[in-house]
1. If I ignore ligands, DNA and RNA and count only protein heavy atoms, how much of I97 is accessible to a 1.4 Å probe, in Å² to the nearest 10?
2. Considering only protein heavy atoms and a 1.4 Å probe, what is the carbon-and-sulfur percentage of the accessible area of the chain?
3. Around T28, what is the net charge, scoring Lys/Arg as +1 and Asp/Glu as -1 over all other residues with Cβ under 13 Å from its Cβ?
4. Averaged per residue, what accessible area in Å² does segment 1-61 show with a 1.4 Å probe, protein chains only?
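The values are calculated or read from the model by the stated rules, or taken from the named source; none is laboratory data. Everything numeric here is computed off the predicted structure, so don't read it as measured data. Cβ sites come from the backbone with ideal geometry, for glycine too, and all protein chains shown count toward neighbours. Accessible surface is based on the protein model in full, side chains and every heavy atom, while ligands, DNA and RNA are left aside. Shrake-Rupley method; radii C 1.70, N 1.55, O 1.52, S 1.80 Å.
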Amino acid sequence: MSAPHYPLFIGGEWLDSAERYEIRSPATDELVATVAKGGVEHVDRAVAAARAAHKAGGWRHTSPQERSALLHAVAGRLEQRLPELAALQSRENGATIRVTG
């Protein structure tokens, strides 16, 4: 089974890096996933994106109803991926799916 790779999400863009963290199962030492290892330049870019978003005030100017709808949509997307996320969590922790699900 090929291990998935997860890049960084900064300022609305998916960014990768040359360096990666390897996530391994403590039970089998199997490679579960790789994750982009951000550096100082990624932190600087993330802080700049956060400052710009705060200054733009998009969330601040969003009504409670719109915020609620957005958060419910996010929760729905996570719920759709629950089996995948539970399996990944299980492999990452070396636990059974019963424990992580």
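1. 90 Å²
2. For the chain, the apolar C and S fraction of the accessible surface comes to 59 percent.
3. My count for the surroundings of T28 gives -1.
4. So segment 1-61 comes to 74 Å² accessible per residue, rounded to a whole number.
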